[in-house]
Each structure stands twice: as C-alpha cells, then as structure tokens.
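Student: This is the structure, below, for whatever I ask next.
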Amino acid sequence: MEFDLQPTGTPVDAETRAGVLANPAFGRVFTDHMVSAQWTRERGWFDACLTPYAPLTLDPASVVLHYAQEVFEGLKAYLQPDGGIAMFRPDRNAARMVRSCARLALPPFPEDAFVAACELLVRTDRDWVPDGEGTSLYLRPFMYADEVGLGVRPSDSARFLLIASPAGNYFSGPLRPVSLWLSQEYVRAAPGGTGAAKTGGNYASSLVAQQEAIDNGCDQVVFLDAVEHRWLEELGGMNVFLVQDDRTLLTPPLGGTILEGVTRDSVITLARELGYTVEERPVDVDEWRKGATDGSVVEAFACGTAAVITPIGALRWPGGEAVAGDGQPGAVTTELRTALLDIQYGRRPDTHGWLHKVV
Ligand SMILES: *Cc1c(COP(=O)(O)O)cnc(C)c1O
C-alpha cells in the first residue's frame, strides 16, 4: 500500500507543542497528522494517505453510528537513549486488528500496511514524541463501517484511520495502586461474544459498571465470567495477574472472552525469564479473596499498553474488601514493570526483537 503524502502547511507552533509535551495527559491532544485509507467491497483498499489531522465528515446514516461496527488498536512509540524512536511490538497489534476485524465482519487491514502507517505517522510527527519519564507517543489505529444505510448487515465500505497523541501516565500522579470494584451484576463478555475483539462495543457496555466502581470509591471495575460469575476475567481495558507465594503468577487463560493483551504476553515472557512460574488457568475469585486474607496471594496487578503494569491495592465488593500484601506496589509487580519499561525505553537489551525502530 502506497501512502499519498499531503502534509499540513500549518503545523502547531513549537512553543504550543512544547507546552503540551511538558505535561502530556492521556488522549487529549493530537499530533499534526493522521493516516487514512478507504475500503469498499468492490475496490478493496485505496486512497491511502497522510493528511493534516482534521475532523471527519460522516453521513448521519453511517453504519458505525447505529450498529457499532468498529475496531481499534493501541500501541506506543518511545524515545530511545540514542535519540531515535521505537515502537513496541507493532506486528502484534497489526495481527490482532486483523482478528478483531474478522469478528466484526470488517475487512482485514494488511498487517504490513498497518506497521507502515504507524511508521509513517511517527516519522512525520516525530517532534511530538515526549521525552519525560514515563511518556510516549500513543498511536490509535481504528476502523469503522462507513456505508450509508440502516439495513443490518456487514458494511460494504469501511475506513481505516490512525491518529497519535502524546501520552503521560495513564493514571495521573506518582505510581499508586488502583482499587478494583468486583462487578456483581454486569459482565464484560460471554462465550461466543466479542470479548476477544478490540471493539468499542465492549467498552460501551462496560461504562455503567465502571461508573458503579467509581460510585463505590474504586478506580476500576473487574469482571467475572458470564456463566458462573466465579472466574476472574479482566478489567474494562486491562488484563489481570495475581502473584502467589512470591514465585508464581496466575492469569486467566485466553479463551474468547478476554482480550489477548500484548502487555499480558510480554509480562508472561519476561516473568518466565526472571524465574517465575506463570500459570495461565481459570482463577476463582475466591482464590484472590481468601489468598489476600491468608497471605497466599501477595500481590495483584493489571496490565495494558496505556497503563503498562499497575499495582492493584484493594479488591472491593458490596460489604467486603480484600487487600493483597500491604496494599503498596509489591516487589514482583515493581520488578516486572521495571523490566518491561527498561526494554521499551531502550535501557536494557531487547533480546526478543520487540522494539521496532522508526527513526
Ligand atoms: C487493549 C486491551 C487490553 C490490553 O491490551 P494491550 O495489548 O496490552 O494494550 C486488555 N483488555 C482489553 C479489554 C483491551 O481492550
């Protein structure tokens, strides 16, 4: 896929940009450019281009606005010690987007074009990569059905877009454990549903549960399985791990109802290298509740691209609470977080070829 280059004539001025980069929030300010491509069933992909970041024009009857036929991705580019920029495992996001598209009856966006689009945008907007501790350029590829019409069937046209936003820490302020609300009523995904696809609908249906978490004084919601309401699944947008007896990590298995996180996969690989046993197996939530009380579950953490590895303090439910360890960031969580960040920022050897150099 060849991208037609139509760069902006009016980039954001250096002073304004410097102000943004000095204190980037998450997903509030976007860079000067975006990448897009159009698909129709007849023509396949065409009109791939890099253009100034700008609002879209959407017909009110566009399929996505009514039936949520949409997928997205999220990955980051990091400033390296030599002044270059590298993305973290973009091939994994490219492959996952293809799988998400298959589930949402959207056309696959070619994996090599996905990576090329990310490279192009990062290279073009390289001055937007922040250099502060823990900062990065967050890339948001997405695709939506833009056929006009209210008939319920897979869209005959779709649009791929890629935008970028300088990112600071997802949870603002210094690293502190998040508290989780164990949703009693709501589930995130069911067998046969869309839980393994990165699609906006999963987020839409999690928002009321997330609000319930906040109303109960918690940072995030954690979901149980839809069938037995017993097995740990994941957070609204992060995978979850428990640390047992110091050397064993537990995480729910991939099985169609949880998202196959790139961070999750990286953590499993790094943990095994560091000498931990990692068990991907169903985790009964009572194992967490009891384990936190009897001391066998010593730490818990959540992981995802946006928030990296975030320690979990309290797990709360109506009338109860369990806190693994002392509620502070644990040694294992901290070790894994440091190992992952050190690779992403080029501070430790990238023995797995996870970094994809852009410039
Ligand atoms: C994106 C996402 C994750 C984390 O995936 P990463 O590839 O690690 O960023 C976890 N759960 C859900 C529901 C997600 O959408």
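Taken together, the values in this text are just the output of simple stated rules run on the coordinates, not laboratory data. Note that this is a predicted model, so its numbers are computed, not measured. No Cβ is skipped: glycine too gets one built from the backbone with ideal geometry, and neighbour counts run over all protein chains shown.
Student: Translational diffusion coefficient, Stokes-Einstein: compute it for region 178-344 using the Kirkwood radius over C-alpha pairs as Rh, at 4 °C and 1.567 mPa s, and state it as an integer in µm² s⁻¹.
Tutor: Calculated translational D: 82 µm²/s.
Student: Short version: ³J(HN,Hα) in whole Hz for each residue of region 18-27, in order, from phi by Karplus 6.51 cos²θ - 1.76 cosθ + 1.60 (θ = phi - 60°), x for Gly and Pro, what are they?
Tutor: Using θ = phi - 60°, the values come out as 4, x, 5, 5, 5, 8, x, 8, 10, x Hz.
Student: Rounded to the nearest 5, what % of DSSP beta bridges with both residues in region 178-344 are antiparallel?
Tutor: On the way: 20 of 30 bridges.
Here the antiparallel bridges make up roughly 65 percent for region 178-344.
Student: Relative to the first principal axis of the alpha-carbon coordinates of the chain, what is the inclination of helix 262-273, with its axis defined by its Cα atoms, in degrees from 0 to 90 and to the nearest 10?
Tutor: Roughly 50 degrees between the two axes.
Student: Follow-up. Return one number: the angle in degrees, 0 to 90 and rounded to the nearest 10, between the long axis of the Cα atoms of helix 90-103 and the longest principal axis of the Cα atoms of the chain.
Tutor: In the chain, helix 90-103 runs at an angle near 90 degrees to the longest axis.
Student: Comparing GLU233, GLU42, GLU299, which has the greatest mean-square fluctuation in the GNM of the chain with Cα pairs linked when under 10 Å apart?
Tutor: Ranking GLU233, GLU42, GLU299 by mean-square fluctuation puts GLU42 first.
Student: Hey, in the GNM for the chain with a 10 angstrom Cα cutoff, which one of LEU56, LEU254, LEU120 fluctuates hardest?
Tutor: Judging by the Gaussian network model, the answer is LEU56.
Student: Right, here's the next one. Provide ARG123, ARG140 in ascending order of the number of other Cβ atoms located within 10 Å of each residue's Cβ, fewest first. All intermediate terms of the calculation are to be shown ahead of the outcome.
Tutor: Working: ARG123 13, ARG140 16.
With the sparsest Cβ surroundings first, the list reads ARG123, ARG140.
Student: In the chain, with Lys and Arg counted as +1 and Asp and Glu as -1 at Cβ, which of these residues, ALA95, THR135, GLY74, has the Cα nearest the positive end of the dipole, that is, farthest along it?
Tutor: ALA95
Student: How big is the Kirkwood radius of the chain, worked out from every pair of different alpha carbons and given in Å to one decimal? Mind showing how you got there, number by number?
Tutor: Values: mean 1/r = 0.0469 Å⁻¹.
Value: 21.3 Å, from the Cα pair sum.
Student: Under a Cβ-only charge scheme (Lys and Arg +1, Asp and Glu -1), can you give me the dipole magnitude of region 4-167 about the Cα centre, in debye to the nearest 20? It would help to have the intermediate numbers written out before the result.
Tutor: Working: 15 positive and 21 negative charges, 116 e Å.
In total the dipole reaches around 560 debye.
Student: Continuing with this model, one more query. Where the centroid of each part is defined by its Cα atoms, how far is region 95-164 from region 275-327 in Å?
Tutor: If you average the Cα positions of each part, the centres end up 33 Å apart.
Student: I need the peptides 190-199, 15-24, 89-98, 305-314 ranked by packing, meaning the mean over residues of other C-beta atoms within 10 angstrom, with the highest value on top. Present the calculation step by step, with values, prior to reporting the outcome.
Tutor: On the way: 190-199: 18.4, 15-24: 14.5, 89-98: 21.0, 305-314: 22.8.
Going from most to least packed, we get 305-314, 89-98, 190-199, 15-24.
Student: Can you sort MET1, MET143, MET34 from fewest to most other Cβ atoms within 10 Å of each residue's own Cβ? Walk me through the numbers on the way to the answer.
Tutor: Numbers: MET1 14, MET143 27, MET34 22.
The most exposed by this proxy come first: MET1, MET34, MET143.
Student: Can you tell me which of HIS33, HIS229, HIS66 moves the most in a GNM of the chain? Springs connect C-alpha atoms under 10 Å apart.
Tutor: Greatest mean-square fluctuation among the candidates belongs to HIS66.
Student: Related question: Of all GluC sites (Glu not before Pro) in region 86-188, which ones are in loop regions per DSSP and have a Cβ with at most 15 other Cβ atoms within 10 Å?
Tutor: Counting only loop positions with at most 15 other Cβ atoms within 10 Å, the GluC sites (Glu not before Pro) in region 86-188 are GLU133, GLU185.
Student: Go through region 326-359 and name the trypsin sites (Lys or Arg not before Pro) that are in a DSSP coil and have 16 or fewer other Cβ atoms within 10 Å of their Cβ.
Tutor: Working: sites: ARG337, ARG347, LYS357; in loops: ARG347.
Hits after loop and neighbour filter: ARG347.
Student: Relative to the compact-globule scaling 2.2 N^0.38 Å, provide the ratio for the alpha-carbon radius of gyration of region 4-167.
Tutor: Values: Rg = 16.4 Å, N = 164, 2.2 N^0.38 = 15.3 Å.
Dividing the Cα radius of gyration by 2.2 N^0.38 Å gives 1.07.
Student: Tilt of helix 331-344 relative to the longest C-alpha principal axis of the chain, in degrees (0 to 90, nearest 10)?
Tutor: Helix 331-344 and the main axis of the chain meet at about 20 degrees.
Student: Output the Kirkwood hydrodynamic radius of region 168-218, Cα pairs only, in Å rounded to one decimal. Each step should come with its number before you reach the end.
Tutor: Working: mean 1/r = 0.0782 Å⁻¹.
Hydrodynamic radius (Kirkwood, Cα pairs) of region 168-218 is 12.8 Å.
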